[in-house]
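The values are calculated or read from the model by the stated rules, or taken from the named source; none is laboratory data. Because the structure is predicted, anything quoted here is derived from the model rather than measured. Reconstructed Cβ throughout: ideal geometry from the backbone, glycine too, with neighbour counts over all protein chains shown. When the accessible area is computed, the model is the full protein with side chains, heavy atoms only, and any ligands, DNA or RNA have been set aside. Shrake-Rupley method; radii C 1.70, N 1.55, O 1.52, S 1.80 Å.
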Amino acid sequence: MEFLIRPEHAEEYSTTEEVIRNAFLDEEYSDQKEHLLVNRIRQSDAFIPELSLVAINEDKEIIGHILLSKITIINGDNIADSLALAPVCVAPDHQKKGIGSQLIQEALKVAKELGNQSVIVLGHKDYYPKFGFKQASSWNIRAPFEVPSEVFMALELAENSLQNVQGIVHYSEAFSE
(Lines give C-alpha, C1' and ligand atoms only; values in the text may rest on other atoms or scores of the structure.)
Protein backbone atom coordinates (compact mmCIF):
# COMPACT_ATOMS: atom_id res chain seq x y z
CA MET A 1 0.00 0.00 0.00
CA GLU A 2 1.32 3.41 -0.98
CA PHE A 3 1.14 6.26 1.52
CA LEU A 4 3.00 9.44 2.42
CA ILE A 5 3.89 10.73 5.89
CA ARG A 6 4.05 14.49 6.33
CA PRO A 7 3.31 17.21 8.91
CA GLU A 8 -0.37 17.78 9.56
CA HIS A 9 -1.86 21.04 8.21
CA ALA A 10 -4.09 23.23 10.39
CA GLU A 11 -6.99 22.91 7.95
CA GLU A 12 -6.89 19.13 8.48
CA TYR A 13 -7.36 19.21 12.25
CA SER A 14 -11.04 18.22 12.31
CA THR A 15 -10.50 15.44 9.74
CA THR A 16 -7.55 14.12 11.72
CA GLU A 17 -9.58 14.16 14.93
CA GLU A 18 -12.29 12.08 13.26
CA VAL A 19 -9.68 9.53 12.13
CA ILE A 20 -8.34 9.41 15.71
CA ARG A 21 -11.84 9.01 17.16
CA ASN A 22 -12.66 6.14 14.80
CA ALA A 23 -9.32 4.43 15.38
CA PHE A 24 -9.89 4.20 19.13
CA LEU A 25 -13.63 3.34 19.12
CA ASP A 26 -13.14 -0.36 19.81
CA GLU A 27 -9.82 -0.25 21.68
CA GLU A 28 -9.96 -2.06 25.01
CA TYR A 29 -7.61 0.30 26.91
CA SER A 30 -9.05 3.54 25.53
CA ASP A 31 -11.41 6.10 26.99
CA GLN A 32 -12.40 6.99 23.40
CA LYS A 33 -11.33 10.61 24.05
CA GLU A 34 -7.92 10.61 22.35
CA HIS A 35 -9.21 13.00 19.66
CA LEU A 36 -10.11 15.50 22.40
CA LEU A 37 -6.63 15.11 23.91
CA VAL A 38 -5.04 15.94 20.54
CA ASN A 39 -7.28 19.00 20.25
CA ARG A 40 -6.23 20.21 23.73
CA ILE A 41 -2.53 19.57 23.08
CA ARG A 42 -2.70 21.60 19.85
CA GLN A 43 -3.98 24.56 21.90
CA SER A 44 -1.27 24.25 24.54
CA ASP A 45 2.37 25.28 24.89
CA ALA A 46 3.29 21.58 24.60
CA PHE A 47 2.33 21.47 20.90
CA ILE A 48 5.10 21.18 18.31
CA PRO A 49 3.50 21.43 14.83
CA GLU A 50 6.45 19.65 13.16
CA LEU A 51 5.77 16.60 15.37
CA SER A 52 2.10 16.20 14.48
CA LEU A 53 2.35 13.88 11.48
CA VAL A 54 -0.27 12.29 9.25
CA ALA A 55 -0.21 9.34 6.88
CA ILE A 56 -1.95 10.11 3.58
CA ASN A 57 -3.06 7.42 1.12
CA GLU A 58 -3.08 7.62 -2.68
CA ASP A 59 -6.60 9.12 -2.55
CA LYS A 60 -5.23 11.99 -0.41
CA GLU A 61 -7.15 10.74 2.64
CA ILE A 62 -5.71 10.90 6.15
CA ILE A 63 -5.34 7.29 7.31
CA GLY A 64 -3.09 7.74 10.34
CA HIS A 65 -1.70 10.25 12.83
CA ILE A 66 1.00 10.56 15.47
CA LEU A 67 1.71 13.33 17.94
CA LEU A 68 4.79 14.02 20.04
CA SER A 69 4.42 16.86 22.54
CA LYS A 70 6.57 18.58 25.16
CA ILE A 71 6.85 17.15 28.67
CA THR A 72 9.38 17.48 31.48
CA ILE A 73 11.04 15.04 33.84
CA ILE A 74 11.45 16.65 37.25
CA ASN A 75 13.62 15.59 40.17
CA GLY A 76 13.70 18.33 42.80
CA ASP A 77 15.29 21.35 41.13
CA ASN A 78 16.49 19.33 38.13
CA ILE A 79 14.25 19.60 35.08
CA ALA A 80 14.87 17.75 31.82
CA ASP A 81 12.88 18.39 28.68
CA SER A 82 11.46 15.38 26.88
CA LEU A 83 8.59 14.40 24.57
CA ALA A 84 5.47 12.30 25.05
CA LEU A 85 4.41 9.98 22.25
CA ALA A 86 0.63 10.08 22.48
CA PRO A 87 -1.41 9.17 20.66
CA VAL A 88 -0.57 7.22 17.51
CA CYS A 89 -3.39 5.76 15.45
CA VAL A 90 -4.32 4.28 12.11
CA ALA A 91 -7.80 4.23 10.59
CA PRO A 92 -9.44 0.84 11.30
CA ASP A 93 -9.55 -0.30 7.68
CA HIS A 94 -5.81 0.45 7.23
CA GLN A 95 -4.46 -1.22 10.37
CA LYS A 96 -1.97 -4.11 10.39
CA LYS A 97 -0.19 -2.77 7.30
CA GLY A 98 2.85 -1.16 8.94
CA ILE A 99 1.50 2.40 8.82
CA GLY A 100 1.68 2.89 12.60
CA SER A 101 5.26 1.64 12.70
CA GLN A 102 6.29 4.00 9.91
CA LEU A 103 4.54 6.92 11.65
CA ILE A 104 6.51 6.16 14.82
CA GLN A 105 9.82 5.82 12.97
CA GLU A 106 9.29 9.10 11.09
CA ALA A 107 8.19 11.00 14.21
CA LEU A 108 11.25 9.78 16.13
CA LYS A 109 13.52 10.75 13.22
CA VAL A 110 12.04 14.26 13.00
CA ALA A 111 12.19 14.67 16.79
CA LYS A 112 15.89 13.78 16.75
CA GLU A 113 16.55 16.15 13.82
CA LEU A 114 14.87 18.95 15.83
CA GLY A 115 17.35 18.34 18.65
CA ASN A 116 15.10 16.56 21.12
CA GLN A 117 16.84 14.20 23.53
CA SER A 118 14.24 11.62 24.59
CA VAL A 119 10.69 10.31 24.24
CA ILE A 120 8.38 8.78 26.84
CA VAL A 121 5.49 6.47 25.98
CA LEU A 122 2.79 4.65 27.90
CA GLY A 123 2.09 1.76 25.59
CA HIS A 124 2.10 -1.92 24.79
CA LYS A 125 5.09 -3.70 26.38
CA ASP A 126 5.66 -5.90 23.33
CA TYR A 127 5.22 -3.22 20.65
CA TYR A 128 7.37 -0.21 21.58
CA PRO A 129 10.64 -2.04 22.40
CA LYS A 130 11.07 -2.78 18.68
CA PHE A 131 11.63 0.98 18.24
CA GLY A 132 14.25 1.02 21.00
CA PHE A 133 12.03 1.92 23.96
CA LYS A 134 13.04 0.48 27.34
CA GLN A 135 11.36 0.58 30.70
CA ALA A 136 11.67 4.14 31.99
CA SER A 137 12.43 2.72 35.42
CA SER A 138 15.86 1.76 33.98
CA TRP A 139 16.70 5.45 34.37
CA ASN A 140 14.63 5.88 37.54
CA ILE A 141 12.04 7.81 35.51
CA ARG A 142 8.54 7.38 36.88
CA ALA A 143 5.00 8.10 35.74
CA PRO A 144 2.96 10.64 37.74
CA PHE A 145 0.35 7.91 38.33
CA GLU A 146 0.25 4.19 39.10
CA VAL A 147 1.13 2.15 36.04
CA PRO A 148 2.94 -1.17 35.51
CA SER A 149 6.62 -0.43 34.82
CA GLU A 150 6.69 -2.63 31.71
CA VAL A 151 4.27 -0.30 29.86
CA PHE A 152 5.91 3.01 30.86
CA MET A 153 8.92 3.37 28.57
CA ALA A 154 11.59 5.82 27.47
CA LEU A 155 13.83 6.17 24.43
CA GLU A 156 17.08 8.09 24.15
CA LEU A 157 17.20 10.01 20.85
CA ALA A 158 20.82 10.94 21.51
CA GLU A 159 23.29 8.51 23.07
CA ASN A 160 23.25 8.63 26.87
CA SER A 161 20.80 11.58 26.84
CA LEU A 162 18.99 10.11 29.87
CA GLN A 163 22.17 9.12 31.72
CA ASN A 164 21.83 11.93 34.28
CA VAL A 165 18.04 12.21 34.15
CA GLN A 166 15.66 10.79 36.71
CA GLY A 167 12.43 11.82 38.35
CA ILE A 168 8.73 12.06 37.66
CA VAL A 169 7.31 12.82 34.23
CA HIS A 170 5.15 15.93 34.11
CA TYR A 171 2.69 16.01 31.23
CA SER A 172 1.14 19.22 29.94
CA GLU A 173 -2.17 20.23 31.49
CA ALA A 174 -3.83 19.12 28.25
CA PHE A 175 -3.45 15.52 29.45
CA SER A 176 -5.36 16.09 32.68
CA GLU A 177 -8.37 18.07 31.46
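Observations on the model:
- Candidates per GluC sites (Glu not before Pro) in the stretch 23-112, loop by DSSP, up to 16 other Cβ within 10 Å: 27, 28, 58, 61
- Backbone N atoms of the stretch 114-151 closer than 11 Å to the 7 Å Cα→Cβ label point of residue 159 are not found in any residue.
- Accessible surface, the chain, averaged per residue in Å² (probe 1.4 Å): 55
- Under the convention that each Lys and Arg Cβ holds +1 and each Asp and Glu Cβ holds -1, the size of the dipole of the stretch 48-177 around its Cα centre is about 320 debye.
- Solvent-accessible area assigned to carbon and sulfur over the chain amounts to 46 percent, based on a 1.4 Å probe.
- Computed on protein heavy atoms with a 1.4 Å probe, the accessible areas place 124, 35 in the order 124, 35, largest first.
- The stretch 1-60 - percent relative contact order, Cα under 8 Å, separation 6 or more: 57
- A straight chain from residue 138 to residue 21 at 0.36 nm per residue would run longer than the Cα-Cα distance by 38.8 nm.
- Between helix 99-113 and the chain: long-axis angle, C-alpha atoms, 0 to 90°, nearest 10: 50
- Mean projection of the Cα convex hull over all viewing directions, computed for the chain: 9.9 nm².
- Percentage relative contact order, the chain, counting C-alpha pairs under 8 Å, at least six apart: 22
- Pairs of Cα atoms nearer than 8 Å and 6+ residues apart set the relative contact order; for the stretch 43-97 it is 29 percent.
- Between 143, 158, 107, the GNM of the chain built on Cα springs shorter than 10 angstrom shows 158 fluctuating the most.
- For residue 169, net neighbour charge (Lys/Arg +1, Asp/Glu -1) across residues whose Cβ lies under 12 Å away: +1
- Candidate lysines - alpha carbon under 27 Å from residue 96, same-chain residues fewer than 8 apart omitted: 33, 60, 109, 112, 125, 130, 134
- Per-residue SASA entry for residue 127, accessible area with 1.4 Å probe, Å² rounded to 10: 70
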